[in-house]
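First the structure, in the form of structure tokens, and then the observations on it.
The values are calculated or read from the model by the stated rules, or taken from the named source; none is laboratory data. Just so it is clear, the structure is predicted and the values come from calculations on it, not from any experiment. Cβ placement follows ideal geometry from the backbone for every residue including glycine, while neighbour counts extend to all protein chains displayed. When the accessible area is computed, the model is the full protein with side chains, heavy atoms only, and any ligands, DNA or RNA have been set aside. Shrake-Rupley method; radii C 1.70, N 1.55, O 1.52, S 1.80 Å.
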Amino acid sequence: MKMKRETLYGYLFILPWLIGFLSLVLYPMIQSFYFSMNDMRITPHGLQFVYAGFNNFLNVWLQDMFFIQELMAFALDTFIRVPVIVVFALVIAMLLNQDVRFKGLFRTIFFLPVIVASGPVISQLVDQGATAIPMLNQDIIMSILNALFPTWFAGVLSNLFNEIITILWYSGVQILLFLAVLQKIDPNLYEAAKIDGGSSWECFWKITLPTIKPLILINLIYTLVSLANSGQNPIINLIYANMFNATRGYGFASAMAWMYAVIIVLMLGILLLAFREKKVKKR
Amino acid sequence: MRKNVWPILSILLIMVVFVTGCSSNDSDEQTNTGIVESEEGSEHAELPPMTDEEITLTYASWQNHELQNYLAEQFTAKYPNITVEIVALEQDGWNDHLTNLASTGDLPDVFWYMGNVDIPIRNMWLGDFTSYFEADPETDQLLDTIVDKGYFDGDRKLAAPTAYLPYTIFLDENLFTQQNVAMPSADWTYSEMLDLIEEMTIPEQGIFGYNTFTKLVTMAPIVNGDSDGEFGWDGESYDMTGEWDDALMKHGEFVRNGNHAPFYDTDEAEAAFGDRELWAASTGRIAMQFDAWWTVDLFGTDEFVDKGIKWVPYVVPKGDNAQTENKPAFIDFGSISAATDHPREAYELLKFFGWGRDGWEAKLEAFQTLTREDGELVFNHPDGLPLVKDEDLWEELRTLLPDLDYYDEFLARSKYPIPLGGAAMPGFQTYLDEVYFGGEYGDVEAAVISGEVNAYDISSDLTELINQYYDQALNELFY
């Protein structure tokens, strides 16, 4: 069977991505899974493996007291942060979609952190306390939160305020995606709604939101994945620490990374179920 | 016929192998370990000769970079056929960097490991240099308390102390004079120190008895219990009952009673000093600062002198009923790579940069002569103390220190250092991570200080656990 010229071009175009995927994603994943099934030592004579079966996976849950603790903290953090980021991104996208002067400049400003704020930059900002809003008195916020919520939840909310600027910095790509879909909405729809006496509030709920719903799901997934991979994420740091831990090492750390990946996939699954498009039954 | 020949030949071969194996070569004294027996046939062996070939050895440590380069030059001057290549690594994440080098087969021929010996042992980085160490006449000159350190499995010398920075307790002489309290004797005891902490706590003047970087719980078992390591290590097992729990309870009491300075960056620090981020030792209101040798340099700077603070060094006091002069110390360890092609030469390099006499002569020279680009001396005071007993080295080092009797007294009582757990004891750091600072009680010390936990109630359990961790580490690390 002869391959069509278009098909060939298609493969050629995705070839760089394919090479990157195979060498930088698939191969490390297979390697990581192999590590996770072994007790691995990095000797000066080379890597040594002792087959450990699924012991490393078991030990992640049974031996590492921090993993479950950090996982719970991450789940709670994510539960709070993902909606905040997505809602903020939507609000900013709608503002940037207005016909205002210097629109391009504003769009650049909001996207800039995506390029500038790499892991080390964010770490420095957090360390220097530059991610909290200076005008907000954190102690007062904490005391109010403590009065209103249980300590464990107040702590999470307090962290949110402490790192609010960082969190909002995660919104660049989401803003871009929302902007793209907002520009696709036919202005005639709004015009017709206005003629029928619809307020801006009603237009948002009846026209904007239903139209952008698929993008909300994409943005939720994107935000969850970016938070899960963030250098600020304590679980990533825990995996790193275990890599170089004397009695655990790469095998244990790889097993932990795989377990973490499974948890993230489960969280993504929950998001998909919650925001999936419901098919309208035909009569 | 031919079949019958094979059994006869086999028997002959076995006999030849047996006889050869049992025979000794009287004319050649070289043994299979490379150690040459002396002519008298006594126990003293001699080190095998160094190679004459042109070789390059790689070396990684977190010593001052200028000092490393200087020592490398001096080593090459002594052994012109050996080039030393310094491997520059960031001190932060040191063991991680070594792991990365090992993974690519580039572990330096000679390296220091940081804090946790479990990492190099588990990954089989440590070369066995028992034969060289035991045949080396310079080994006899090592300070008595550190000779046996590095025999992790009891038989093989896998690491050796390479740098020695003693625990140092600084007393503010001016504050003592101001309060009309006599400075203690250089031979002060542990209980005298505790009494002084209480005596020098004067709440109405905002004066605190002590501030800690180094801790009572580390000192007490070593100086009071004559331990050979942290947490009551006696050479075979740990015992955290008796000294450790006493010291921690006492420290907790001192913190709660206000004998201890408020901790950094707390509301109490802000209330006491007007600045929550001000180091208590620079306030002029602390009688004793539990610290380490490297702070001598800082305490001699204008920042402290201008404030009227005169920190003078004391050794950790002796236990009231102690039999030894053991003192806790920050001791770094190094080893030769298990994969080095030149173990004999690598051993010599490790020794030269660490405890060797020639190396120390070079270091003393460097302390006095090395300058930066701006002409300033690299070292304002010696970076560490000798690991050997050679009196002339100690005397020369003394000349580089301020002209105060305190330094004479200090050096005279610093000859029995005891290394801290992580670098010297398998399983120790893992125990700290998983039990002591991250176990059932969270941070054990913090829990006791806050009064949530009574150290006497948990010291037996902790003892059992730390001994388990030690045994597990030995079993697992030498698999």
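Residues that are open to solvent by less than 20 Å² (accessible area, probe 1.4 Å), assigned to a strand (DSSP E or B) and not hydroxyl-bearing (Ser, Thr, Tyr) were ranked within region A:27-47; the one that is farthest from the other protein chains (Cβ to nearest Cβ) is A:Asn38. In region A:254-283, the qualifying residues are those that are surrounded by fewer than 21 Cβ atoms within 10 Å (Cβ to Cβ) and among the aromatic types (Phe, Trp, Tyr), and the one that is farthest from the other protein chains (Cβ to nearest Cβ) is A:Phe275.
Each row is one residue, and each column tells you yes or no for (1) surrounded by fewer than 16 Cβ atoms within 10 Å (Cβ to Cβ); (2) under 20 Å from B:Leu465 (Cβ atoms).
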residue	(1), (2)
B:Pro203	yes, no
B:Phe208	no, no
B:Thr212	no, no
B:Met219	no, no
B:Glu230	no, yes
B:Trp233	no, yes
B:Glu236	yes, yes
B:Met240	no, yes
B:Glu243	no, yes
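From the list A:Leu95, A:Leu24, A:Leu58, the one residue that fits, being surrounded by fewer than 17 Cβ atoms within 10 Å (Cβ to Cβ), away from every other protein chain (no Cβ under 14 Å) and under 16 Å from A:Tyr260 (Cα atoms), is A:Leu58.
Scanning region A:200-253 for residues that are assigned to a helix (DSSP H, G or I), open to solvent by less than 10 Å² (accessible area, probe 1.4 Å), within 14 Å of chain B (Cβ to nearest Cβ) and on the phi < 0 side of the Ramachandran plot yields a total of 4. Does B:Leu278 satisfy the condition of being closer than 26 Å to B:His381 by Cα, open to solvent by 50 Å² or more (accessible area, probe 1.4 Å) and part of a helix (DSSP H, G or I)? Judged against the criteria, B:Leu278 is not a match.
When region B:286-310 is filtered for residues that are touching a helix residue (DSSP H, G or I) at 6+ places or on another chain (Cβ under 8 Å), open to solvent by less than 70 Å² (accessible area, probe 1.4 Å) and part of a loop (DSSP other than H, G, I, E, B), the ones remaining, listed by number, are B:Gly308, B:Ile309. Of all residues in region B:311-324, those satisfying the criterion of being open to solvent by less than 50 Å² (accessible area, probe 1.4 Å) and either of a type in the set (Ser, Thr, Tyr) or in a strand (DSSP E or B) (or both) are B:Trp311, B:Val312, B:Pro313, B:Tyr314, B:Thr324.
Between B:Gly150, B:Gly154, the distinction of being open to solvent by 10 Å² or more (accessible area, probe 1.4 Å), assigned to a loop (DSSP other than H, G, I, E, B), on the phi > 0 side of the Ramachandran plot and of a type in the set (Gly, Ala, Ser) belongs to B:Gly154 only. Checked against (1) part of a loop (DSSP other than H, G, I, E, B); (2) more than 14 Å from chain A (Cβ to nearest Cβ), B:Tyr59 passes all but condition (1).
Per the conditions (1) over 18 Å from B:Ala338 (Cβ atoms); (2) among the aliphatic types (A, V, I, L, M); (3) modelled with pLDDT under 95, the sole criterion not satisfied by B:Ile86 is (3). Residues in region B:325-355 that are open to solvent by 20 Å² or more (accessible area, probe 1.4 Å) and of a type in the set (Asp, Glu): B:Glu325, B:Asp332, B:Asp341. In region A:61-84, the residue that is most open to solvent (accessible area, probe 1.4 Å) out of those that are within 14 Å of chain B (Cβ to nearest Cβ) and modelled with pLDDT of 85 or more is A:Leu62. Taking the criterion of being over 30 Å from B:Pro108 (Cα atoms) and either of a type in the set (S, T, N, Q) or within 14 Å of chain A (Cβ to nearest Cβ) (or both), the residues of region B:309-341 that qualify are B:Asn321, B:Gln323, B:Thr324, B:Asn326. Looking only at residues in region B:125-146 that are part of a loop (DSSP other than H, G, I, E, B) and among the charged types (D, E, K, R), the one that is nearest to the other protein chains (Cβ to nearest Cβ) is B:Asp128. Only residues that are within 12 Å of another protein chain (Cβ to nearest Cβ) and among the hydrophobic types (A, V, I, L, M, F, W, C) were counted across region B:67-124, and they come to 11. Can we say B:Lys351 is assigned by TED's automatic domain parsing to the domain that holds B:Val117, charged (D, E, K, R) and in contact (Cβ under 8 Å) with a residue 40 or more places away in the chain? Yes: the conditions hold for B:Lys351. One residue is enough: does region B:101-117 have a residue meeting the conditions on the phi > 0 side of the Ramachandran plot, surrounded by 16 or more Cβ atoms within 10 Å (Cβ to Cβ), of a type outside the set (A, V, I, L, M, F, W, C) and in the same structural domain as B:Tyr151 (by TED's automatic domain parsing)? There is at least one residue in region B:101-117 that is on the phi > 0 side of the Ramachandran plot, surrounded by 16 or more Cβ atoms within 10 Å (Cβ to Cβ), of a type outside the set (A, V, I, L, M, F, W, C) and in the same structural domain as B:Tyr151 (by TED's automatic domain parsing).
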